[in-house]
1. Taking the Cα-to-Cβ direction at residue 115 and at residue 471 and moving 7 Å from each Cα, how far apart do the two end points lie in nm?
2. In the neighborhood of residue 460, defined by Cβ-to-Cβ distances under 13 Å, what is the net charge if each Lys or Arg adds +1 and each Asp or Glu adds -1?
3. Hey, what number do you get for the chain at 222 nm if only DSSP H runs of n ≥ 4 count, each worth -39500 (n - 2.57), divided across all residues, to the nearest 500?
4. When Rg is the radius of gyration of the Cα atoms in segment 126-247 and Rh is its Kirkwood radius, what does Rg/Rh come to?
5. Let me know the shape class of segment 40-154, please: from the alpha-carbon gyration tensor, a ≥ b ≥ c as square roots of the eigenvalues, rounded when a/c is under 1.5, otherwise prolate if a/b is greater than b/c, or oblate.
6. Using a 10 Å cut-off on Cβ atoms, rank the peptides 103-116, 267-280 from the highest mean neighbour count down.
7. So what is the relative contact order for the chain, in percent, with contacts set as C-alpha pairs under 8 Å and at least six apart?
8. Nearest 20 debye, what's the magnitude of the dipole of segment 24-402 about its Cα centre given +1 on Lys and Arg Cβ and -1 on Asp and Glu Cβ?
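No lab work stands behind these numbers, since they all come straight from the coordinates. Model, not experiment: these values are computed from the prediction. When we count neighbours, we look across all protein chains shown, and the Cβ atoms used for this are built from the backbone with ideal geometry, even at glycine.
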Amino acid sequence: MKKYLFLGLIYFLAVVIQAQIINGDILSVDGKKILKVWGTHYERGYAAGYFMGDKIKSLSENYFIGTFFGGNAYLYENTKEYFLEFFEIEPKYHAETEGMIDGMIEADIVLFSNTLDRDIDENDILLANAIVDLSALRGLGVNYDFGCSSLSSWGDNTAGDLELQGDLVITRNMDWTLHPELLENHLLVVHFPSESNEVNWLSFTFPGFIGCLSGINENELSAFMNMGNRNDHTNNYTYHPILLSIRNGIEVFDYNGDYEITPDDILAAVEDNFQLSGSIIHAASNEGGLIIECNNQYGVVSRDDNDNTMLPLEHLAATNHFRELYPPVSCYRYENISDSLSVNPYITIERSWNLMAAAAGVSTNLHTIQYVPSLQLIKWSTADLGSPAYQNEPTTFDLDDLFTSNASSDQHYIQQNSFLSATPNPFNTFTNLAFTLPRTSDVRLTVYNVKGHKITVLINNVLYPGKHNVLWDGTDRNGNKVASGIYLSSISPVL
């Protein structure tokens, strides 16, 4: 009798139903991955983790931990402790990376790192987003190889182009290391925030990087980050990752509150935080450009075309050498750009691209991006194993098309009337899980325990519209009876 009662308790189960909506959609154009995510920071992070979880894990393990830190777990963990002590990250970004981890779990990604001998967590993702800041910590022995260059032109210099007619064009070379994980994982993420103070924006990036390395928002404001050549850090402030500072300026509507959307919003976002490493940010809108220079020692300064020492007016160029924060230092790429513009200051869309390729193209060029705000035109080329990005044919995008939300996508969105019911509930033998689909959908029906651990997957298939039923007998994926308790069932789309 005692054994029977014990087994009865073991099999006595209650099922609590919740529906998980994946706020994202992924597509490919000319082989380039585009991920669209919408909703809160948590929901956008969840979608990114769900769709790109395997890539996030691979980049984290093989590039960030394996190459950037040389596979040195002791060095990595010490750096993470330093990061958690001295960097302050907004709750919204913690929520986004927590969502990313949860999305990875939903997608069955193994979070365990063999190098670290533990699961990767949200703070590991945040640490990766401080990768450019960590370049200042040479004493820790981290390895990095960043570059970048950009040129913005407008006014009289572009008036002769029948398409530009005086409007701005900016061309940017994003130079990084030729690591296979980066070469294989170019990604364009388009954000549709539900937060009332945030605007749609897009990021040319890699899986797991939530900061703004190269970004454009729907109000025609763009920002591109370059490494500076001086990382002196003499002030012990609470630091903020520069890529997240730039994201604040791009994503928050009218960041500085002056009722205008201009590069000054990026400047204000950078000025609101303390940096650890040196950075040079090229911000631009159709009215013109602004170069923002910052590091820990001397803070933040900016320069416009009136501060040019080598370039004609209504041009701005940035490479990896400070020109305002410190006395200008020779840089062959800056000099090449200057020499070309001195011979001929007039720029067309085509010449801007070709000039940056010839004057500043390097072998480690991973992305070349061109943006014309007045035409809503974006060109994006990516590197492959055989050639840098500037040598490859770019893909052309219309900004309006990119900012067309997929929030009603049939493939990845299951509406409220698809929610589950469980009968009987509680149960001790089996329960019938019933749900109704309004349209044909790829469906995954999963059972979890209250700790969020996956117990079993009951459905992983394409289902037609209508009512569906599936029995669960209280066993896990191996056919073993689970313990008595409360269990959660999640219905969500699959790729």
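1. Between residue 115 and residue 471, the label points sit 4.9 nm apart.
2. Values: positive: 444, 454, 477; negative: 106, 108, 442.
Local charge sum for residue 460: 0.
3. Working: 11 runs with 116 residues, N = 495.
Mean residue ellipticity at 222 nm (helix-derived): -7000 deg cm²/dmol.
4. Numbers: Rg = 17.0 Å, Rh = 16.7 Å.
So for segment 126-247, dividing Rg by the Kirkwood Rh gives 1.02.
5. Details: a/c = 1.56, a/b = 1.13, b/c = 1.39.
It comes out oblate by the Cα gyration axes.
6. Working: 103-116: 17.8, 267-280: 23.2.
So the order, starting with the most tightly packed, is 267-280, 103-116.
7. Values: 1144 pairs, mean separation 89.2, N = 495.
With pairs under 8 Å counted, the relative contact order is 18 percent.
8. Working: 18 positive and 57 negative charges, 228 e Å.
With Lys and Arg at +1 and Asp and Glu at -1, about 1100 debye.
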